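Scroll down for the structure; my scribbles are underneath it.
The values are calculated or read from the model by the stated rules, or taken from the named source; none is laboratory data. A quick note: this is a predicted structure, and the numbers were derived from the prediction, not measured. Backbone-built Cβ (ideal geometry, glycine too); neighbour counts: all protein chains shown.
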Amino acid sequence: MEKRDKTQTLYPNQKGFTPEKQPKIGGTVLGKDSIEYNVGRESISLTIRNTGDRPIQVGSHYHLFEVNRFLDFDREAAFGMHLNIPSTTAIRFEPGDSKQVEAVAYGGKRRVIGFNSLVEGYAGEEDAPTYYPTRERAIRRMQRLGFKHTKSKQSNKQNKE
């Protein structure tokens, strides 16, 4: 039997366990291309006005149809959409302010649950095979609960290429 040093057992040869070139600690590695998001999704341009007496912020993924009841805009046109801004950001509406925003359709199965509990179901197109009449029910609920809503002729739907 071959005699071996205990240190070899406890501390084996490190060759193969350490990288040949040590990486720099900290910093970032950036790609050369711009980041694109929501490409090819249906989008719409809306004017939103804060009729309340306090500032209101709307987050990037909040269902626009269900935002604060004091924001006045074409909610029916915004059904199934969220703001077309980077994730984790928001747009702030000061009292009396109006802003032009772009909204984009949700992806995936387009089920909207929570928020102000106006929809609680599918928020996609009516001709989809999984469509249930949630849109009409949500519009009636929105009106009954006093959410501001002004139909707009300026809501321009388009596909984003």
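Taken over region 91-124, the criterion of being in a loop (DSSP other than H, G, I, E, B), under 24 Å from GLY40 (Cα atoms) and in contact (Cβ under 8 Å) with a residue 12 or more places away in the chain is satisfied by TYR106, GLY107, LYS109, ARG110, ALA123, GLY124.
Okay, residues lined up against (1) modelled with pLDDT of 95 or more; (2) touching a strand residue (DSSP E or B) at 6+ places or on another chain (Cβ under 6 Å):
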site: GLY16; (1), (2): no, no
site: GLY26; (1), (2): no, no
site: GLU36; (1), (2): no, no
site: SER45; (1), (2): yes, yes
site: ARG69; (1), (2): yes, no
site: PHE73; (1), (2): yes, yes
site: PHE79; (1), (2): no, no
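Specify the residue that is modelled with the lowest pLDDT; the eligible residues are those in region 103-124 that are under 21 Å from PRO55 (Cβ atoms) and either crowded, with 16+ Cβ neighbours inside 10 Å or charged (D, E, K, R) (or both).
Here is the first cut: in region 103-124, the ones under 21 Å from PRO55 (Cβ atoms) are 103, 115-116.
Imposing the further condition that a residue be either crowded, with 16+ Cβ neighbours inside 10 Å or charged (D, E, K, R) (or both) reduces the set to 103, 116.
Working: ALA103: 97, ASN116: 90.
Of everything passing the filter in region 103-124, ASN116 is modelled with the lowest pLDDT.
The residue pairs whose first member lies in region 29-40 and is closer than 16 Å to GLY107 by Cβ, whose second member is charged (D, E, K, R), and whose beta carbons are closer than 9 Å, counting only pairs six or more residues apart or on different chains, are ASN38/LYS160; VAL39/LYS160; VAL39/GLU161; GLY40/LYS160; GLY40/GLU161. Checking each residue in region 56-85 for being in contact (Cβ under 8 Å) with a residue 60 or more places away in the chain and in a strand (DSSP E or B) picks out LEU71, ASP72. The residue that is farthest from ASN38 (Cα to Cα), among those in region 54-85 that are more than 16 Å from the chain's Cα centre (by Cα) and of a type in the set (D, E, K, R), is ARG54. Among the residues of region 41-55, those that are within 19 Å of THR89 (Cα to Cα), in contact (Cβ under 8 Å) with a residue 60 or more places away in the chain and among the polar types (S, T, N, Q) comprise SER43, SER45, THR47. Restricting THR47, THR88 to residues that are of a type in the set (Val, Ile, Thr), more than 14 Å from the chain's Cα centre (by Cα) and either assigned to a loop (DSSP other than H, G, I, E, B) or under 26 Å from GLU126 (Cβ atoms) (or both) narrows the list to THR47.
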